[in-house]
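Just below is one structure, and these are the notes that go with it.
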Amino acid sequence: MLRSSLQVFLLSLCAVLFPKLAPAAPVDSAGVGAHSEMVSGQGAAALTNWQVALSSFQKAGAFIGQGKYPQAKMELSSSATNLSAPYRTMAGDFLERLEAALKQSSKEERVSQLRAFLELSAELRAYPAAVQIMARLRKAAPDEAEALDQALPWRLLESGEMKAALAKYERKAADEHVEMWKSYYQKQIDLIRRRPTNLANVEFATEYVREHYLTGYEEKSDAFSALKELTRVLPHAKNAKETLAVYQFMIKNLVALDDEPGIEAWENKVLSEFKSDREASAGVLLDRGLRAYTKKDFPGALAIFRKVCSEYPDTLAYGDAQYDAGLALHDQQKYPEAIAEYDRLFLSQVNDAMTEASSSEDAKNYRYKAALRISECYESQKDYPHALQYAELARDKYKFIGWCRICIESAKTQLDARIGKLEALAKPATK
């Protein structure tokens, strides 16, 4: 799950010192009062909308592999009308690409057409069809064989041809000289060998999803296949901790697909089934607040952030929510109110050195950033002495914490420049 609006701030610090919230998927935020409702009706259907879409897409891809293009068009046309968002839009895009490929009918365009069919069938997750088309393309363009072989092991594996895929990966690992790719191929070999004896192992399944489906090396990151694997292993979860981990990974992949109803439905399952897990509940609410903020629903975002702060002050989400409450007011130019929200971080129990969940190198730096934001608020009100005071607090008391030397140096350089500017502005005007 998304854990922090501050992550991108730190990742991009070398380029920009004071970014806004980290981008989040543009997903609707539910009303605060409805967050703990049980999943039912349309919400229950939203849990599996992706499965309906995947089934349709794979069917259309299979038709393409068989050369049954009218049937493929019919399937995609129906999906573009009947699937839920965002899958109907995907289906419409796939249909346009299929129709464009079919227009390439001359002999000279045959290779280009096969390439288009190959790419389309792979994106439809119809991997057996992709393998079939690859064989035809190899005959039509022998000089492209090496390039085509790049993704062949993946497609063989996803087509159920495990032994053939393993042999291809072993050959690639033996021939590869680039360490990054060699390590990747060796990891795939390890996963394939371990998989048959770990089909009921949730920890292995999440590793498989992360290291195979989401790396994006051979194929684009495949959220559909990730969801399929997580759904397969979910009944084998041994305890609440494993179940929650699968739910959260499901949500992450639905975010990648921009499936708003699906995200909310799975979040509601977390809220209803794990009410006693305060970290999980606070994390869901924080993510909803971030999505509301991203859609510029500042009042809605602020209500959610304040709910996290008031009801879950003992959780890891508190620091992000408190900082984000300040941002929601800051962006509305409600500077005194924003200052009050930022100021609460100074006396709180937040850990500035705590790393981001997705990185071992980025620290939260709550107080440092709060001081800078307060300085910005005062500057916007032309209160330059107070703006200078808080910039100096960021330099002298709430110092930036980091493990990247370039980032630390960049932060210092830009903060020194800011302090210099504010010192000039804060000087009394001379007659």
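The values are calculated or read from the model by the stated rules, or taken from the named source; none is laboratory data. Quick caveat: nothing in here was measured; it's all calculated off a predicted structure. Glycine gets a Cβ as well: all are built from the backbone with ideal geometry, and neighbour counts include every protein chain shown.
Here segment 77-88 is the region considered, the condition is being part of a helix (DSSP H, G or I) and touching an Asp or Glu at 6+ places or on another chain (Cβ under 9 Å), and the residue that is nearest to Asn253 (Cα to Cα) is Tyr87. Residues that are modelled with pLDDT of 95 or more and part of a helix (DSSP H, G or I) within segment 389-405 comprise Gln389, Tyr390, Ala391, Glu392, Leu393, Ala394, Arg395, Asp396, listed in sequence order. Looking at Ile408, is it at pLDDT below 95, aliphatic (A, V, I, L, M) and either over 23 Å from Ala301 (Cα atoms) or assigned to a helix (DSSP H, G or I) (or both)? Yes, satisfied.
Report the residue count in segment 92-135 for those that are assigned to a helix (DSSP H, G or I) and either among the hydrophobic types (A, V, I, L, M, F, W, C) or under 20 Å from Lys59 (Cβ atoms) (or both). Reasoning before the result, please.
We begin by selecting, within segment 92-135, every residue assigned to a helix (DSSP H, G or I); these are 92-102, 107-123, 127-135.
Cutting the leftovers down to either among the hydrophobic types (A, V, I, L, M, F, W, C) or under 20 Å from Lys59 (Cβ atoms) (or both) gives us 92-102, 111, 114, 116-123, 127-135.
The total comes to 30.
Here His177 clears all of (1) in a helix (DSSP H, G or I); (2) free of Cβ contacts under 8 Å to residues at least 12 places away in the same chain except the condition numbered (1). Within segment 310-350, the set of residues being of a type in the set (A, V, I, L, M) and free of Cβ contacts under 8 Å to residues at least 60 places away in the same chain comprises Ala321, Ala325, Ala328, Leu329, Ala338, Ile339, Ala340, Leu345, Leu347, Val350.
Listed by first and then second residue, the pairs linking a residue in segment 227-254 that is free of Cβ contacts under 8 Å to residues at least 40 places away in the same chain to a residue that is outside any helix (DSSP H, G or I) and surrounded by 17 or more Cβ atoms within 10 Å (Cβ to Cβ), with Cβ atoms under 6 Å apart and 6 or more places separating them unless they lie on different chains, are Thr243/Ala237; Leu244/Phe274.
Please determine whether any residue of segment 308-320 is under 23 Å from Ala417 (Cβ atoms) and of a type in the set (Asp, Glu). Before the answer, list the steps.
Taking segment 308-320 first, the residues under 23 Å from Ala417 (Cβ atoms) are none.
No: zero hits.
Look at (1) surrounded by 22 or more Cβ atoms within 10 Å (Cβ to Cβ); (2) over 16 Å from the mean Cα position of the chain (by Cα); (3) within 30 Å of Pro313 (Cα to Cα) and you find that Asn239 fails only one, number (1).
Within 30 Å of the chain's Cα centre (by Cα), closer than 17 Å to Asn365 by Cα, surrounded by fewer than 16 Cβ atoms within 10 Å (Cβ to Cβ) and touching a residue at least 40 places away in the same chain (Cβ under 8 Å): does that describe Ile406? Judged against the criteria, Ile406 is a match. Set side by side, the residues Lys269, Lys252 differ, and just one is basic (Lys, Arg) and under 20 Å from Leu316 (Cα atoms), which is Lys252. Take the conditions under 32 Å from the mean Cα position of the chain (by Cα), within 28 Å of Asp287 (Cα to Cα) and surrounded by fewer than 17 Cβ atoms within 10 Å (Cβ to Cβ) and apply them to Gln333. Does it pass? Answer is yes for this residue.
A search for C-beta distances below 9 Å between a residue of segment 153-174 that is in contact (Cβ under 8 Å) with a residue 40 or more places away in the chain and outside any helix (DSSP H, G or I) and any residue that is buried (at least 16 other Cβ atoms within 10 Å of the Cβ) and of a type in the set (A, V, I, L, M), counting only pairs 6+ apart in sequence or on different chains, returns nothing.
Take Lys252 and decide whether it is under 30 Å from Ala151 (Cα atoms) and among the basic types (Lys, Arg). Yes: the conditions hold for Lys252.
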